[in-house]
Amino acid sequence: MKKVLITGAMGQLGQALNDLLKYNKEYNLYLTDSNESENGLIKKLDISDDAAVEYEIQSIKPDIIINCAAMTAVDLCETERELAYKINSLGPKHLAVAAEKIGATLVHISTDYIYDGQARFPYTEESEANPVNVYGQTKLAGDRYVLQHCTKSFVLNSSWLYGDGKNFVKTMLKMANEGKKLRVVSDQVGTPTSALELARVILFLMETDSYGKYHATCEGSTSWYGFAVKIFELAGLDVDIEPISSNEYPTPARRPAYSVLDNKRLREQHGYYMKDWTEALKEYMQSIKNKTN
């Protein structure tokens, strides 16, 4: 039985991984997050604390480490730069160094925001990174540390993630149910990706030795406005929704206007295709419906 350590286990991806792995007898799970869970099943681990990371990994000696921990509040990263660097850059470095010492595999989750959004075609793994905000800059540094310090490492760049927890889908549905008029940005284009689909890719890759950088998003692309329209269509809701420009919805952090990723390496090296974003969204919304019934 392989030992799998998951950081950020209370997040959307961490929960999706736990759901997929908890009944699999091939794996023994060790769940951690920045805070301990009330039921005690998730242990506290601050990945920015190198001594704590070293102690935990030496104690458990996991075969596989999946790093879902990150400071993902994009706007907050602009003002809390030091904290963002500690969590998004140094945290992955500490995990990589500790993983290398015991020969563990490290799967590190990154973002589409490492790209500047100036492209006209989907970014491949060979595309030049040029982040336009602190979140992207700190995540890119973390990616590079992982690949530099851990031989058996994967870096997966994904985008617009949603799963169990607070996310765009639930926010849109909540606002619609409250009868609020919605205004959603239509000039930022990317790919909504379900945490479940990303978790499936992780489970596939972590049992291979095809280490390195991968793009891992659902297929296709849309704007935030298009995403919202599809959510309401699938929910059978007639909602008054207005497309607006990024200039009409200013935020502290710049967002890339175009951050569509091409899963070139998954496709060409493994023949692996993730679901189209609309199909993955259908699956997710069905799961929400099932839980509420």
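The values are calculated or read from the model by the stated rules, or taken from the named source; none is laboratory data. Worth saying up front: this structure is predicted, and the values here are computed from it rather than measured. Neighbour counts are summed over all protein chains in view; Cβ atoms, including those assigned to glycine, are modelled from backbone coordinates with ideal geometry. Heads up: the accessible areas ignore ligands, DNA and RNA and are worked out on the full protein's heavy atoms, side chains in. Shrake-Rupley method; radii C 1.70, N 1.55, O 1.52, S 1.80 Å.
So which pairs qualify, if the first residue must be in region 192-218 and free of Cβ contacts under 8 Å to residues at least 60 places away in the same chain, the second must be open to solvent by less than 40 Å² (accessible area, probe 1.4 Å) and of a type outside the set (S, T, N, Q), the Cβ gap must be under 9 Å, and the two must be at least 6 apart or on different chains?
Qualifying pairs under 9 Å: GLU207/ILE64.
So which residues in region 32-45 are modelled with pLDDT of 95 or more and open to solvent by 30 Å² or more (accessible area, probe 1.4 Å), if there are any at all?
Scanning region 32-45 gives LYS43, LYS44.
Give me a count of the residues in region 234-256 that are assigned to a loop (DSSP other than H, G, I, E, B), buried (at least 16 other Cβ atoms within 10 Å of the Cβ), at pLDDT 95 or above and not basic (Lys, Arg).
Qualifying residue count for the region: 2.
Only one of (1) free of Cβ contacts under 8 Å to residues at least 24 places away in the same chain; (2) part of a helix (DSSP H, G or I) is not met by VAL169, so which one is it?
Evaluating VAL169 over (1) free of Cβ contacts under 8 Å to residues at least 24 places away in the same chain; (2) part of a helix (DSSP H, G or I) leaves (1) as the failure.
Look at ALA70 and say whether it is open to solvent by 10 Å² or more (accessible area, probe 1.4 Å), touching a helix residue (DSSP H, G or I) at 6+ places or on another chain (Cβ under 9 Å) and not basic (Lys, Arg).
Considered against the rule, which asks whether it is open to solvent by 10 Å² or more (accessible area, probe 1.4 Å), touching a helix residue (DSSP H, G or I) at 6+ places or on another chain (Cβ under 9 Å) and not basic (Lys, Arg), ALA70 comes out as yes.
Being in contact with a helix residue (DSSP H, G or I) (Cβ under 9 Å, 6 or more places away or on another chain), among the charged types (D, E, K, R) and within 13 Å of SER259 (Cβ to Cβ) narrows it down to one residue among ASP112, ASP164, ASP143; which is it?
ASP112
Answer yes or no: is there a residue in region 135-142 that is part of a loop (DSSP other than H, G, I, E, B) and open to solvent by less than 10 Å² (accessible area, probe 1.4 Å).
Taking every residue of region 135-142 in turn, none turns out to be part of a loop (DSSP other than H, G, I, E, B) and open to solvent by less than 10 Å² (accessible area, probe 1.4 Å).
Identify all residues within region 257-293 that are modelled with pLDDT of 95 or more and of a type in the set (D, E, K, R); write none if there are none.
Within region 257-293, ASP262, LYS264, ARG265, ARG267, GLU268, LYS275, ASP276, GLU279, LYS282, GLU283 meet the criteria.
For region 257-293, name all the residues that are hydrophobic (A, V, I, L, M, F, W, C), under 22 Å from SER127 (Cβ atoms) and assigned to a helix (DSSP H, G or I).
If the condition is that a residue be hydrophobic (A, V, I, L, M, F, W, C), under 22 Å from SER127 (Cβ atoms) and assigned to a helix (DSSP H, G or I), then LEU266, TRP277 are the ones that fit.
Within region 47-58, can you find the residues that are without any contact (Cβ under 8 Å) to a residue 40 or more places away in the chain and either open to solvent by less than 70 Å² (accessible area, probe 1.4 Å) or closer than 23 Å to LYS139 by Cα (or both)?
Passing the criteria: ALA51, ALA52.
Taking the condition surrounded by fewer than 18 Cβ atoms within 10 Å (Cβ to Cβ), at pLDDT 95 or above and not polar (S, T, N, Q), does ASP75 pass?
In short, yes.
Give me the residue from region 172-206 that is open to solvent by less than 10 Å² (accessible area, probe 1.4 Å) and in a loop (DSSP other than H, G, I, E, B) and, out of that set, farthest from GLY226 (Cα to Cα).
Among those that are open to solvent by less than 10 Å² (accessible area, probe 1.4 Å) and in a loop (DSSP other than H, G, I, E, B), it is MET206.
Kindly evaluate ASP143 against the criterion of being modelled with pLDDT of 95 or more and under 16 Å from the mean Cα position of the chain (by Cα).
yes
For a quick check of your reading of the model, give me the residue pairs whose first member lies in region 269-293 and is open to solvent by 90 Å² or more (accessible area, probe 1.4 Å), whose second is assigned to a loop (DSSP other than H, G, I, E, B), with beta-carbon atoms closer than 7 Å and at least 6 apart or on different chains.
Within 7 Å, the pairs are GLN269/SER210.
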